[in-house]
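Engineer: Provided herewith is a single structure, encoded as structure tokens, for subsequent inquiry.
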Amino acid sequence: MKTPDISKIKDKLLFTPGPLTTAQSVKEAALSDLGSRDSVFIAHVQQIREKLLALAHVGAPEYEAVIMQGSGTFGIESAISSAIPSNGMLLNIINGAYGRRISQIARIHSIPLIELIYDENQLPDLEEIESVLSGSEQITHVAVIHGETTTGLLNPIEEIGKLTARYNKVFIVDAMSTFGAYDIDQKELNISYLISSSNKCIEGIPGFSYVLAKGSELQKCKGRARTLSLDLYDQWAGLNSNGQFRFTPPVQSLLAFHEALIQLEKEGGVNGRAERYSVNNALLVGEMKELGFELYLPANIRSYIITSFLYPVHTDFSFEKFYSALNEKGFVIYPGKLSKVDCFRIGNIGQLFPHDIQKLVDAIESVLFELKIELAEL
Ligand SMILES: Cc1ncc(COP(=O)(O)O)c(C=O)c1O
């Protein structure tokens, strides 16, 4: 099959959890051939690391930003497989697919693991967490997902952070889909490892993840890693000694991210971005309800990042047809990832504005009409 000429195809709007619709200036920043040992590149990387820490309200050397090649999962696997010693134990708090992925990583690396598993529309039970922590000396680390992108649920990392501090556990937070759009004070929340990636709320392009690590914990990772390429300590030691990566870095993705951070500052930082995403989300939810769609999660546990909508109760509804018709109109939505319920997801992060949300909702209305799907009045 001949591949289509991408330069002739108009970009679609991505209503997904990433990769996202990005700013023109971010795309353009990637259009340079720079050597990975070029002093300009090294200065960009250093600035990125400093700015990431500042976004989490911390600074070096008390905390260190370690950039890891690969997607978000590589950063998570790097932290989990480097931080927990063979005589340690991970308590993993799970209410979605990304929580389950952390357990999968722990098992692959034979890391002792205890799981607290909740339904995908349920917050973790803080009393149960406390009783597990108070009853087990063996648990050394606790992991949780901040924004469970499986559903759009927001987990209470403040409260869990307090428990980890009270029981002296190392706290690992996957903030993949929230960092940059939710204000997270890493030290205040007792987070030793905070992980996110380039193509989420900072609105860069894919290529790397980053781990913001408490310096004193990072030092303990020396010699603990179970892989070469995902060795968090060695990656940091390399970056720290001469600003260079141990292995080929995603240069263009890092240059784009540097620009994305400038754009974030121009938007008013995390608060400005949170404001736009909240407005996008409120509009999306309001208009979708107006069309007759029902939401999977109640409002009090939902984030303003991505929203799960139940499939309409209609014999003729097919997600594939719905998805394809929207895709042809230039709107990309996302399938569900739930184990028990049929849902689809719509993200409202990236370079999306209220007028884009309105265009999507209008397109959904006309697709429903074309597919002859009438939704019940709510
Ligand atoms: C909360 C969370 N964790 C982990 C990941 C995995 O990231 P990646 O697909 O970039 O490996 C994602 C991806 O959307 C996510 O939302």
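Engineer: If you place +1 on the Cβ of every Lys and Arg and -1 on the Cβ of every Asp and Glu, how big does the dipole about the Cα centre of the range 24-266 come out, in debye to the nearest 20? Before the final figure, lay out each step's value.
Structural biologist: Numbers: 19 positive and 28 negative charges, 161 e Å.
So the dipole magnitude of the range 24-266 works out to roughly 780 debye.
Engineer: I'd like the distance between the alpha-carbon centres of the range 178-225 and the range 69-99, rounded to an integer number of Å.
Structural biologist: 12
Engineer: Here is a further query. Which distance in Å, rounded to a whole number, links the C-alpha centroids of the range 9-63 and the range 356-372?
Structural biologist: 34
Engineer: Let me ask something additional. Can you pull the one-decimal nm distance between simple spin-label points at S32 and N240, each 7 Å off the Cα toward Cβ?
Structural biologist: 2.7
Engineer: Cα axis of helix 269-291 to longest principal axis of the chain: angle in degrees, 0 to 90, nearest 10?
Structural biologist: That helix lies at roughly 30 degrees to the long axis.
Engineer: Can you order the peptides 73-85, 147-159 by their average number of other Cβ atoms within 10 Å per residue, highest first? Can you show the working numbers first?
Structural biologist: Details: 73-85: 25.1, 147-159: 23.2.
Ranked by mean Cβ neighbours within 10 Å, highest first: 73-85, 147-159.
Engineer: Checking the cross-link filter: which lysines have an alpha carbon closer than 23 Å to that of K321, excluding same-chain neighbours under 8 positions apart?
Structural biologist: Cα-Cα hits under 23 Å: K10, K12, K289, K329, K337, K340, K359, K372.
Engineer: For the chain, what does -39500 (n - 2.57) per DSSP helix run (n ≥ 4), summed and divided by total residues, give at 222 nm, in deg cm²/dmol to the nearest 500?
Structural biologist: On the way: 12 runs with 150 residues, N = 378.
Here the helix-only value at 222 nm equals -12500 deg cm²/dmol.
Engineer: Then there is this: Going by average Cβ density within 10 Å per residue, which order do the peptides 30-37, 179-186, 201-208 take, highest to lowest? Walk me through the numbers before you get to the answer.
Structural biologist: On the way: 30-37: 12.4, 179-186: 22.0, 201-208: 25.0.
Put in order of decreasing packing, that is 201-208, 179-186, 30-37.
Engineer: Given labels modelled 7 Å from the Cα in the Cβ direction, how far is it in nm from Q24 to S39?
Structural biologist: A separation of 3.4 nm, rounded to one decimal place.
Engineer: Here's a follow-up. In the range 310-358, which trypsin sites (Lys or Arg not before Pro) fall in coil by DSSP and have 14 or fewer other Cβ atoms within 10 Å?
Structural biologist: Hits after loop and neighbour filter: K340.
Engineer: If you don't mind, another one. Do you know the relative contact order of the range 76-214, to the nearest whole percent, from alpha carbon pairs under 8 angstrom that are 6+ apart?
Structural biologist: Numbers: 259 pairs, mean separation 28.0, N = 139.
Dividing the mean separation by the residue count of the range 76-214 yields 20 percent.
Engineer: Continuing with this model, one more query. With a 10 Å radius around each residue's Cβ, average the other Cβ atoms per peptide and rank 241-248, 284-291, highest first. Intermediate values should be presented prior to the final figure.
Structural biologist: Details: 241-248: 12.8, 284-291: 16.4.
Descending packing order for the listed peptides: 284-291, 241-248.
Values in this text are rule-based calculations from the coordinates and carry no lab data. Keep in mind the model is a prediction, meaning the values are calculated, not measured. With ideal geometry, Cβ positions are generated from the backbone for all residues, glycine too; neighbour counts draw on all protein chains shown.
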